[in-house]
There are 2 protein chains.
Amino acid sequence: MYRTCTCGALRLTDVGRQVVLAGWVHHIRRMGALVFLDLRDFYGVTQLVADESQTDLQEILREVNREWVLQATGMVRERSSKNPKLPTGDVEVYLAQIRVLNRSDVPPFTLEDESDGGEELRMRYRYLDIRRAPVRDALRFRHEVGRKVREYLNAQGFTDVETPFLISSTPEGARDFVVPSSRNPGLFYALPQSPQTFKQLLMVGGIDRYYQIVRCFRDEDLRADRQPEFTQIDCEMSFVERRDILEMFEGMMRFIFREVLGVEFSAFPQMPWEEAMAKYGSDKPDLRVEMPIVDLREIRKGLEFPAFDAVEYVGAICVKGGARYSRRQIDELVDYVRQPQVGGTGIVWMKAEEAGLKSSADKYLSPEKLRRIADAAGVGAGDLLLMMGGQLRKTQRVLGLLRLEVARREGWLDPKVFKPLWVVDFPLLEWDEETQRYYAMHHPFTMPHAEDLELFESNPGAMRASAYDMVINGVEVGGGSLRIYDRDIQAQMFRALGFSEEEAEVKFGFLMNAFRYGAPPHGGIAFGFDRLCALMGGSESIRDYIAFPKNNAGRDVMIDSPGQLSEAQLEELGLQLRPKFKPREE
Amino acid sequence: MYRTCTCGALRLTDVGRQVVLAGWVHHIRRMGALVFLDLRDFYGVTQLVADESQTDLQEILREVNREWVLQATGMVRERSSKNPKLPTGDVEVYLAQIRVLNRSDVPPFTLEDESDGGEELRMRYRYLDIRRAPVRDALRFRHEVGRKVREYLNAQGFTDVETPFLISSTPEGARDFVVPSSRNPGLFYALPQSPQTFKQLLMVGGIDRYYQIVRCFRDEDLRADRQPEFTQIDCEMSFVERRDILEMFEGMMRFIFREVLGVEFSAFPQMPWEEAMAKYGSDKPDLRVEMPIVDLREIRKGLEFPAFDAVEYVGAICVKGGARYSRRQIDELVDYVRQPQVGGTGIVWMKAEEAGLKSSADKYLSPEKLRRIADAAGVGAGDLLLMMGGQLRKTQRVLGLLRLEVARREGWLDPKVFKPLWVVDFPLLEWDEETQRYYAMHHPFTMPHAEDLELFESNPGAMRASAYDMVINGVEVGGGSLRIYDRDIQAQMFRALGFSEEEAEVKFGFLMNAFRYGAPPHGGIAFGFDRLCALMGGSESIRDYIAFPKNNAGRDVMIDSPGQLSEAQLEELGLQLRPKFKPREE
């Protein structure tokens, strides 16, 4: 037996016990012949002690270094100077015997909570990075979240069904990863971007309630919080209305936040997409701060302020207590909105100071006009109003980003506070100027609102979808919809997307075929599991919650992947590289 | 709300309740104006009734056909003729209202327990096949097994960690599926054949106890019970001896068999590989029958029977009560062993009839000699002894197959009886004549027996591995090993496999590198989840337990995958098809 207990187990009540521990040398401090050694395993750290009386141990301990693997036998005793930060900090093990299980080279970076290693280096040695407490804890946290998700869904009668990974290419989506088939040279499987089609087929197959925690693949350009492979909590239910689905998954979120974090939620607000855009400039509003966008289109009429007259839309946010902002602080906000990725042009500001209203547009706006704006926007004493005008959606978006930037600077976005909501009533279709056609905002199987069905012919752009996103703290943690199960509505949808019957048949043939045989009313949702874990754990980066993440180029620098294939492998697949990608001959 | 209860819920205690059900029309019988309709959902079947008084319903019911989706409202009442086979068979719902939720074409095969559709047709319409009770039940059964596996491993402190799917090609294994990278044209990821390397890296990373129920991929020729993608219960533990691992996973098996099937196991026998080969001619013996192989090498010496003298090995199985076998029955067994896939040459038989011992080799074997054989082989009155001679391993294998064939014919292999065991002490290495080198029988990281380490130089072929297989009813449900964590032993292993240090570095570089930083003693196991479910469910075919299986050519005939890529897709990947695989121009 390698150990009688773990390095996280010993307490004062164990004093006097003979124990065997096994783990890694976290620290070793030599004070003359007195040696203090922190032994670490998955469960914690225990202090081991040897003194000058133990000459045989001294010989081994002279050699021992960080990250060596030891088996240590000894007696638990009370520590003279206790460490209250450590659960085992009241005791130490007075060594009787040490066995070196393995030696270690000196690690390329320190394995402390804050490491001295850069991200690239830590990724290359991810197996060492995982030894650090924050990474280990993140992986354990993920395990706990997954466990609670399953516990909830199992209790609700969902069936965990594994859907295939070697499937066929998805039309209308992001770029697929493909997999050449050696048994069918020249032909390719594709890896799923999500099990969407298969979960709908399971509903046609009568499975009633399906879930899966499943890997998905998207061959896209990577952003900070995107990985080429990511994990979804994928769910689908039959014989349900939208209300049933929202209740079910609001319940799931309430359960896992309570069980994992001890956080209680009341009912989630349901906010129409239109309202989210108008009040927060975003389809994923962060409700940890109020500070909604105020629409100033009505009030501008009498202002005769040219900057506001010429534009489609004028709006503002009111920063409570912001009148104290210095000129420089306001300039920083102006710089922020002018960044290319934000895309604003400028800010017209107004402060409610003790001396009265002051504005960057004093020249154009008399005190009475400022008062009218202040009243309309709810500006109180000491507040700051940040206004801008421009195109409707774009200006709302910039105001939404500015709102978050102010909140960040004020420290109003506490990662330990969680504000969930449902965003509902998304538009069904989006017009694309370039290709001059509509695209499905969610996907082509999303059910339109029943009362909007007649708009298919007259005004499809105004139709609303039975789609919903779950948003927490400005993060879209999940999204889904009721699906079309009626062939006539599906045909109308395809017409709206500009597909002929033949095109629809080619693109979605087997799903359409399945729908001939009694598809039940159904709908579902998918949650981004990596992102949900990061959000719950209070981290900005999903990579912290993935055991072996890839870098921004989609590379795994630890295993050096992707890599070259041999000529023989390519031949088996019926493939050859295009000339410019051939490796140089040696 | 679509339903107040499911089609599996109603009992006599519900009589008088007004209910709403939703589901598919399983059967519809019209007896004049009296209509009986079986409505089916995931949970069961409920009989609905309408009579001539319901004229408005009659109109709808005239049209309704099999697999239409209905919402039915009515009153629960007691049935006059009850159906004891159905949990809901005591009641029926007297219809008040019907809403057609969807129509259905006539399904291409019947959706009964025994369908009239062939496998190919059912695979093409798998979403309909899944509606059949046996398939639905198999998927639900799989869910239950997985749930219990997780319950056990979670309780034992294992952490569920997701390892990547886009990795790099494995040396020394089966053929990998590869995934070209559009961001790195000309370079490829590979899909994992198992997370072996990553789970070992997690141990190096200090995760201590890891598990995952995970998809694996092998681009191999498919046999009846192989799929190109399959699921493993993959586990690894640190600071353990072999004993710890066997106990842990014997405990898991005991738990899931008890919880899912109500089957209790006592301690699993541990059988050395050598004994399994000698007594059952297989490294996965089926212990539902005894009938071990008897070694007749000692006894043959005085027999002077040429057929037994000239060969390396002579063995037999004794069929209890087999003396009643007719000549034709014995001939069928001879035909069986002579099949090419069995590879035997013939059988020398002996019957212990009331009149005395009779044998196919009467000419050579006197009654005294037959008696000596019978005594040695434990042949009792009424038994049949089936003997053969030849090469040691080959003859044992044929005898092992014959043993199973006899047991099958006798009906001794009850799929509801489960006989588990551990096969241990596998050979470490296998000699390959063709390439004139040793291959690792398990994999190159398998720890040799400590007492065999000195044989690395003198006789590597005789070394035993710290590897173990869990076998139930002749099926290898899981296998694993202790891993090498000592760099010197690993170097010896690579030398035994004929790799130079450079080759080992190229093939296993990043794992070897990881092992420089204090790898703990560790070991693990992986279970074939599809196969385990099939075994527990009493089925021969793992396909029954996979929602969307592929056929023997690795094709998914439902979605018609794999398929062609467009020229644009190939170009993005830096690939082109070799000329002979180019699709014909249209």
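Results, tabulated for the structure shown:
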read-out: Teacher prompt: A:F109 distances to equivalent labels in other copies, 7 Å Cα→Cβ, nm; value: 5.5
read-out: Rg followed by Dmax, in Å, when segment B:336-480 is reduced to its Cα trace; value: 20.1, 59
read-out: Above-threshold pairs, the threshold being 20 Å between Cα atoms, out of A:K582/B:K507; B:K358/B:K394; A:K279/A:K358; B:K199/B:K507; B:K301/B:K363; B:K284/B:K550; value: A:K582/B:K507; B:K358/B:K394; A:K279/A:K358; B:K284/B:K550
read-out: Beta bridges by DSSP in chain A, antiparallel share as percent, to the nearest 5; value: 95 percent
read-out: Residues in segment B:1-47 that, when all protein chains are in place, have 10 Å² or more less accessible area than the chain alone would give (probe 1.4 Å); value: B:M1, B:Y2, B:R3, B:A22, B:W24, B:F42, B:Y43
read-out: Integer Hz, Karplus 6.51/-1.76/1.60 couplings in order for segment A:75-83, x for Gly and Pro; value: 10, 6, 9, 6, 7, 6, 10, 6, 10
read-out: Accessible surface, per residue, of the protein assembly as shown when the full set of protein chains is kept, probe 1.4 Å, Å²; value: 42 Å²
read-out: Segment B:201-221-segment B:233-286 distance, computed between alpha-carbon centres (Å); value: 20 Å
read-out: Cβ-defined net charge surrounding B:T88, 15 Å radius [Lys, Arg +1; Asp, Glu -1]; value: +2
read-out: Model label zone, A:S266; criterion: amide N under 17 Å from point 7 Å along Cα-to-beta-carbon; scope segment A:278-303; value: A:287-290
read-out: Test item: B:486-492 mean partner chain Cβ contacts at 10 Å; value: 1
read-out: CD proxy at 222 nm, helix term only [per DSSP H run n ≥ 4: -39500 (n - 2.57); per residue of the protein assembly as shown; nearest 500]; value: -8000 deg cm²/dmol
read-out: With every protein chain in place, segment B:336-426: carbon and sulfur % of accessible area (1.4 Å); value: 51 percent
read-out: For segment B:453-538, fraction of C-alpha pairs farther apart than 23 Å, in %; value: 42 percent
read-out: Descending semi-axes in whole angstrom, ellipsoid equivalent of chain A, from the Cα gyration tensor; value: 50, 38, 24
read-out: Full-extension gain in nm, A:V106 to A:E275, via 0.36 nm per residue minus C-alpha separation; value: 55.2 nm
read-out: Label geometry 7 Å along the beta-carbon vector: A:K85 inter-copy distances in nm; value: 7.1
read-out: Base-10 log of normalised Debye intensity for segment B:12-102 (one unit scatterer per alpha-carbon) at q = 0.22 Å⁻¹; value: -1.13
read-out: Percent of Cα pairs exceeding the 17 Å cut-off, where the set is segment A:494-586; value: 76 percent
read-out: Lys/Arg +1, Asp/Glu -1 at C-beta; the protein assembly as shown dipole; positive extreme among B:Q436, B:P164, A:L370; value: A:L370
read-out: Portion, in percent, of the accessible area of segment A:109-197 that falls on carbon or sulfur, probe 1.4 Å; value: 44 percent
read-out: Charge dipole of segment B:289-413 about the Cα centre (unit charges at C-beta), most positive-ward option of B:S360, B:Q341, B:L401; value: B:Q341
read-out: Estimated distance in nm for a label pair at B:S326 and B:R487, the labels positioned 7 Å out from Cα along Cα-to-Cβ; value: 7.2 nm
read-out: Distance between segment B:1-49 and segment B:114-183 - C-alpha centres, whole angstrom; value: 33 Å
read-out: Total accessible surface hidden between B and A, rounded to 100 Å², 1.4 Å probe; value: 11000 Å²
read-out: With Cα atoms, 0 to 90° folded angle of helix B:501-514 axis to chain B main axis; value: 50 degrees
read-out: Dipole magnitude of chain B, debye to nearest 20 (Cβ charges: Lys/Arg +1, Asp/Glu -1, about Cα centre); value: 1420 debye
read-out: Convex hull volume per residue for the protein assembly as shown, taking Cα atoms only, in Å³; value: 259 Å³
read-out: Distribution of pairwise C-alpha distances over segment A:181-248, 10 Å bins, in %; value: 17, 34, 31, 15, 3
read-out: Residue mean of other protein chain beta carbons inside 10 Å, B:120-130; value: 4
read-out: R0 of 56 Å, Cβ-Cβ distance A:N65-B:E567: FRET efficiency to nearest 0.05; value: 0.45
read-out: Leading residue at positive end of dipole, chain A (Cβ point charges), from A:I60, A:G574, A:H449; value: A:I60
read-out: Per-bin percent of Cα-Cα distances, segment A:289-413 [5 Å]; value: 2, 11, 24, 26, 22, 11, 3, 0
read-out: Percentage relative contact order, segment B:12-102, counting C-alpha pairs under 8 Å, at least six apart; value: 33 percent
read-out: Cα centre as origin, Lys/Arg/Asp/Glu Cβ charges: the protein assembly as shown dipole, Debye; value: 1280 debye
read-out: Contact order normalised by residue count of segment B:407-553, Cα under 8 Å, 6+ apart, percent; value: 21 percent
read-out: Net dipole in debye of segment A:289-413 [+1 Lys, Arg Cβ; -1 Asp, Glu Cβ; about Cα centre; nearest 20]; value: 180 debye
read-out: Loop-located chymotrypsin sites (Phe, Trp or Tyr not before Pro) in segment A:420-503, at most 12 other Cβ atoms within 10 Å (DSSP); value: none
read-out: For segment A:288-332 and segment B:550-585, distance of Cα centres in Å; value: 56 Å
read-out: Nearest-ten-degree value, helix B:367-377 long axis tilted from longest Cα axis of chain B; value: 70 degrees
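The values are calculated or read from the model by the stated rules, or taken from the named source; none is laboratory data. Everything numeric here is computed off the predicted structure, so don't read it as measured data. Cβ sites come from the backbone with ideal geometry, for glycine too, and all protein chains shown count toward neighbours. Side chains included, ligands, DNA and RNA excluded: accessible areas come from the protein's heavy atoms. Shrake-Rupley method; radii C 1.70, N 1.55, O 1.52, S 1.80 Å.
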